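Here the structure comes first, spelled out in structure tokens, and everything after it is commentary.
Read-outs: derived from the displayed coordinates by stated rules, not from any lab. In this text, all values refer to a predicted model and were calculated from it rather than measured experimentally.
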Amino acid sequence: MSPSERQYLTELATEMSRLYGFARQMNEMDFAASLGGEFRGMQDAGWSTQITAADVRQELGTYLTKDSPLTTAEYRITLLLYCQLAEAGGVYESIKNVMGVITTVPYNLWPFKDLVRVRKQPAAIIGPNANKTFRDLANTAKASACRAWGSCWPMLFAMIYGTVSPMRTT
């Protein structure tokens, strides 16, 4: 890890600690609820996009740490795993709720509901994609005390999941 990567991770950890510490002081109950990610999908035993995100991160790491060059099929699998990771909404719901706590917005079971589209023909409920979710998180960060984070959300999530290093995104 380069010195600039180490510095970035140190600063990131510091800011995340401040955000979570302040949110806990603001409203401990909403903060605790926010840590759970999404609850709507937990109707099936053991299902959670946070668990899925952790599993996918591990699977993705298997491909990204290989010594030999990836085959075309392995590149495709890596891309599919990354797409699955980017769409794991529960992780982002948790962070959005924590940012809401510091601005006195109570816990929201469905914090991205305003981004959901309903189509009449054929009938479908279409959840937001990762781009809309990241944009919403960046706007939430800009509007809250996290103003300095607004421009680094995509890098932040990629680093949290270990899919890219901070230097590859600049």
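Some notes on this structure:
- Stretched out straight at 0.36 nm per residue, the stretch from Leu115 to Leu35 would grow longer than its current Cα-Cα span by 26.7 nm.
- Stretching the chain fully between Glu15 and Asn108 yields a gain of 31.2 nm (0.36 nm per residue, less the alpha carbon separation).
- Extension gain, Phe22 to Ser2: 0.36 nm times the residue separation minus the Cα-Cα distance gives 4.2 nm.
- Candidate lysines - alpha carbon under 18 Å from Lys142, same-chain residues fewer than 8 apart omitted: Lys96, Lys132
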